[in-house]
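Working notes for the structure below.
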């Protein structure tokens, strides 16, 4: 197998980082890689030379070499070297595979914070087309009161001495409470309807433009009230009134509205 420029470096790296080799086996493996002759392709050091340079016994050297061969780090060719010695060919392709696996582990570890853990549930992509639908979330908007507390005299309502546990007395109390619940007047309902209309018209017309934020910022309470009054008098006139007033204030000058 043809050797590539970085194969010897990858072999040293794979042997050093291997979790399957002990210290002696790594030392012997590094010695065999260092003994490889890139020009001739020979790698057949004698066992005595290995034992002396590695400061290990011959028996220890044989055990370490057998282990390296079983793990496919080297191929042993018996009597394939000089003077009838064994030859040991580094398994370059195996070292390259170990390097690819190591780089993949590094990449996965480095990318562990790249993607956020999001809920699998979907989300609303845009505002609802009907602004009258949804939960009120802005505390500054006026929320009409639909229930007024009963007068204090009701708390002392005479139950004709029949006692709190009497069913007819409880029904009488419930009817008395219901009589004090007041619904919004027709004029107030018309005002809320007009306010919703110009809000919706304004949203539908400008929500996808950059000028929408400018309009909302300049839309004070007085201008909202005036737009609502104009909308009550003529349907569809609230939004043009807002734009006209903002043009007078030079808020929308140069925007093309």
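Structural remarks
- Every condition in (1) at negative phi; (2) modelled with pLDDT of 85 or more; (3) not in a helix (DSSP H, G or I) holds for residue 257 except the one numbered (2).
- Residue check: residue 56 meets all listed conditions (1) closer than 14 Å to residue 89 by Cβ; (2) surrounded by 17 or more Cβ atoms within 10 Å (Cβ to Cβ) but one, namely (1).
- Annotation note: of 76, 38, 59, 70, the sole residue that is on the phi < 0 side of the Ramachandran plot and within 47 Å of the chain's Cα centre (by Cα) is 70.
- Just one residue in the set 214, 209 is modelled with pLDDT of 80 or more, assigned to a loop (DSSP other than H, G, I, E, B) and surrounded by 12 or more Cβ atoms within 10 Å (Cβ to Cβ); that residue is 209.
- Of all residues in segment 217-228 being at pLDDT below 85 and surrounded by 11 or more Cβ atoms within 10 Å (Cβ to Cβ), the one that is farthest from residue 252 (Cα to Cα): 219
- Scanning segment 34-47 for residues that are under 15 Å from residue 73 (Cβ atoms), assigned by TED's automatic domain parsing to the domain that holds residue 79, touching a helix residue (DSSP H, G or I) at 6+ places or on another chain (Cβ under 7 Å) and assigned to a helix (DSSP H, G or I) turns up nothing.
- Residue within segment 82-94 that is at positive phi and either within 57 Å of the chain's Cα centre (by Cα) or modelled with pLDDT of 80 or more (or both) present: no
- Taken residue by residue, segment 76-89 has no member that is in contact with a helix residue (DSSP H, G or I) (Cβ under 9 Å, 6 or more places away or on another chain), surrounded by 12 or more Cβ atoms within 10 Å (Cβ to Cβ) and assigned to a helix (DSSP H, G or I).
- Every listed requirement among (1) in contact with a helix residue (DSSP H, G or I) (Cβ under 7 Å, 6 or more places away or on another chain); (2) free of Cβ contacts under 8 Å to residues at least 60 places away in the same chain is met by residue 23 save one, (1).
- Subset of segment 1-23 [surrounded by 12 or more Cβ atoms within 10 Å (Cβ to Cβ), farther than 18 Å from residue 103 by Cα and at pLDDT 90 or above]: 21
The values are calculated or read from the model by the stated rules, or taken from the named source; none is laboratory data. It should be emphasised that the depicted structure is a prediction, and the values quoted were computed from it without experimental measurement. Heads up, the Cβs are rebuilt from the backbone with ideal geometry, glycines too, and the neighbour counts pull from every protein chain shown.
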